[in-house]
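Notes follow once the structure below has been shown.
The values are calculated or read from the model by the stated rules, or taken from the named source; none is laboratory data. All values derive from a computational prediction rather than experimental measurement. Neighbour counts are summed over all protein chains in view; Cβ atoms, including those assigned to glycine, are modelled from backbone coordinates with ideal geometry. Heads up: the accessible areas ignore ligands, DNA and RNA and are worked out on the full protein's heavy atoms, side chains in. Shrake-Rupley method; radii C 1.70, N 1.55, O 1.52, S 1.80 Å.
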Amino acid sequence: VPSIVLIAGRYKVPLYPISRGRNWGYGDACPVTEGQALLDLSDLQGIEVNDRLAYAVIEPGVTQKQLFDRLERSHPRLWMDATGSGLHASVLGNSVERGFGHTPFGDHFAHTCGMEVVLADGTVLQTGMGHYGGSRLAHTYKWGIGPSLDGLFSQSNLGVVTRVGLWLMPRPQRFEVFVASVGNEQDFESFIERLRPLRQSGVLQSTVHISNDLRTLSSARPYPLDLTGGRVPIPAEVRAKLLKHAHYGAWSAVGALYGTPGEVRARRQALEQALRGLGRVRYITSARLRLLKGAARLLKRAHLPGAKALADLAATAQPVYDLLRGKPSDFFLQGPRWRARTPSPTSPDPLDSNCGFYTVAPLAAMTGEDGRRLLDILYRVIERHRFDPMISITLLNGRAMACVTTLYYDRSDEEESKRARLCYDDLLDALMKTRFIPYRMGIESMDRLDPDDDTFWQLVGRLKEALDPGHVLAPGRYNPAEARIFKKP
Ligand code: ADP
């Protein structure tokens, strides 16, 4: 990698590093501007695991599946955290983008420790304690001594990350998934207010994902073109009918409880008590999944009705259960197929099904009022452009939530594609103005990160000048001034 970077510098060819390039919804494997060569790191697939100290050191090409398989096979007492972005997305790429998953280790960048980074001048830097050769603290103590530099290499274009330490979760004795739902849209504020104290106090240890009904529906089926006669967005009466049939609440929170059997029992009680009178809580446990599958088999053998419904339920519950314990799957790639007219029967990759989607993921402080103000903005803009509101709100910690909003569209439909882009632009405008700033940005909008020419982004620009004066590494990525200069009209 240092040699490639030096050659690129000499010939003035900008390089855009990708790990696996599955950055779907935020630009896939595309660079921020035209004319950048992809530095594809997917062949670097090293994994080392320290079982006793519960961490792995991984290279950029390591996929979620590869890390999961390695742990299953050789270190079954350790769990990783996964996202819904499929078996073949990278672990490192998501961590440097500050993505999040579902377990108590769901804040990915927070659980990295010690990076190896190649700078634009070919220097190889070890962050944290790793630069003290032979230190046993490289992947066990994150801050190092002196300035902590790790943050400079996440959501930035200041270096190519070639290795990262990743803390792993010791497998708990007991683990249960919960699905808590509220019936009505108006219950949303109270739902947040009741869940926040549980997140703050640590009763709920993991990132909790709260999806609206349509978002939940989109993971089970494509857009109901048959029922809508081609109309978009989904008419209210069709939406109500489908949701009634599927038994979804207006908002459903999915999370899990981890610990000893006693701890899990106590967490369960606290959760149920907090939601009493507001919503209902159901659980997915390994015993229930076995029962469900067994019952489906029996009914099928006896040719009794209900076999398919039970089997379908198990098929939906299993990947959710798995994800909450860090087992990745391709199941959640169904969502982007919502508007796809020609879904590929064989490939789960959204690009192979001509799925278009933009993701806008604003953050909000974790109060009911903040959440409602944000939802009002999203609903207004999305409705104006005739899309379906697909929203998943993640309680990232006890204080902030990320509202992942996806615009699914059919790329083979020119009018719909144009409308999606306009909708995305309007959403981002409205969100930046109201200070619901996204936690992460798509490649098409890096230039919009700094509407006020503020000191923060000026400093980012100065760091870039100091470390990469030739603008070799990923020009424009999380560098709004540079994005404006490099962007073609
Ligand atoms: P994934 O396959 O997990 O979705 P990507 O390879 O698409 O991950 O990475 C997401 C984004 O993070 C990329 O667009 C790229 O800008 C950045 N990135 C990925 N890997 C690296 C790396 N090794 N060093 C620096 N930036 C990276």
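Annotations for the structure displayed:
- Within region 294-307, residues that are assigned to a helix (DSSP H, G or I) have Cβ atoms under 6 Å from residues that are open to solvent by 90 Å² or more (accessible area, probe 1.4 Å) in these pairs: A307/K300, counting only partners at least 6 apart in sequence or on another chain.
- Matching entry among L214, L195, L204 (being surrounded by 14 or more Cβ atoms within 10 Å (Cβ to Cβ) and either over 30 Å from E263 (Cβ atoms) or within 16 Å of the ligand (Cβ to nearest atom) (or both)): L214
- The number of residues in region 109-130 that are more than 19 Å from L53 (Cβ to Cβ) and either assigned to a loop (DSSP other than H, G, I, E, B) or of a type in the set (G, A, S) (or both) comes to 5.
Results for (1) in contact with a helix residue (DSSP H, G or I) (Cβ under 9 Å, 6 or more places away or on another chain); (2) closer than 15 Å to V164 by Cα, shown as yes or no for each residue.
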| residue | (1), (2) |
| --- | --- |
| L38 | no, no |
| S42 | no, yes |
| N50 | no, yes |
| E59 | yes, yes |
| L67 | yes, yes |
| R73 | no, no |
| L78 | yes, no |
| H102 | yes, no |
| G128 | yes, yes |
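- Residues of region 416-458 classified as assigned to a helix (DSSP H, G or I), over 25 Å from V232 (Cβ atoms), open to solvent by less than 60 Å² (accessible area, probe 1.4 Å) and of a type in the set (S, T, Y), total: 0
- Residue that is modelled with the highest pLDDT, among those in region 337-378 that are assigned to a helix (DSSP H, G or I) and within 18 Å of G25 (Cα to Cα): L378
- Criterion violated by G130 - all others in (1) open to solvent by 10 Å² or more (accessible area, probe 1.4 Å); (2) out of contact with any strand residue (DSSP E or B) (no Cβ under 7 Å at 6 or more places or on another chain) satisfied: (2)
Here is a yes/no grid of residues against (1) without any contact (Cβ under 8 Å) to a residue 24 or more places away in the chain; (2) charged (D, E, K, R); (3) over 27 Å from G398 (Cβ atoms):
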site	(1), (2), (3)
R22	no, yes, yes
E48	yes, yes, yes
I58	no, no, yes
G61	no, no, yes
F68	no, no, yes
T83	no, no, no
A89	no, no, yes
F105	no, no, no
Q126	yes, no, yes
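Residue-wise test of (1) modelled with pLDDT of 95 or more; (2) buried (at least 20 other Cβ atoms within 10 Å of the Cβ).
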residue: A8; (1), (2): yes, no
residue: Y26; (1), (2): no, yes
residue: C30; (1), (2): no, no
residue: L38; (1), (2): yes, no
residue: G46; (1), (2): yes, no
residue: V49; (1), (2): yes, no
residue: T63; (1), (2): yes, yes
residue: F68; (1), (2): yes, yes
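- Any strands (runs of 3 or more DSSP E) falling wholly within region 31-86 and containing at least 2 residues that are within 13 Å of the ligand (Cβ to nearest atom) and aliphatic (A, V, I, L, M): 37-40
- Residue tally, condition of a type in the set (F, W, Y) and within 13 Å of S252 (Cα to Cα), over region 170-227: 3
- G470 more than 24 Å from A400 (Cα to Cα), in contact (Cβ under 8 Å) with a residue 40 or more places away in the chain, outside any helix (DSSP H, G or I) and away from the ligand (no atom under 16 Å from the Cβ): yes
- Among residues of region 94-116, those that are within 15 Å of the ligand (Cβ to nearest atom), among the small types (G, A, S) and open to solvent by 20 Å² or more (accessible area, probe 1.4 Å), counted: 0
- For region 140-175, the candidate set comprises residues that are within 30 Å of P31 (Cβ to Cβ) and away from the ligand (no atom under 16 Å from the Cβ); within that set, the residue that is surrounded by the most Cβ atoms within 10 Å (Cβ to Cβ) is K142.
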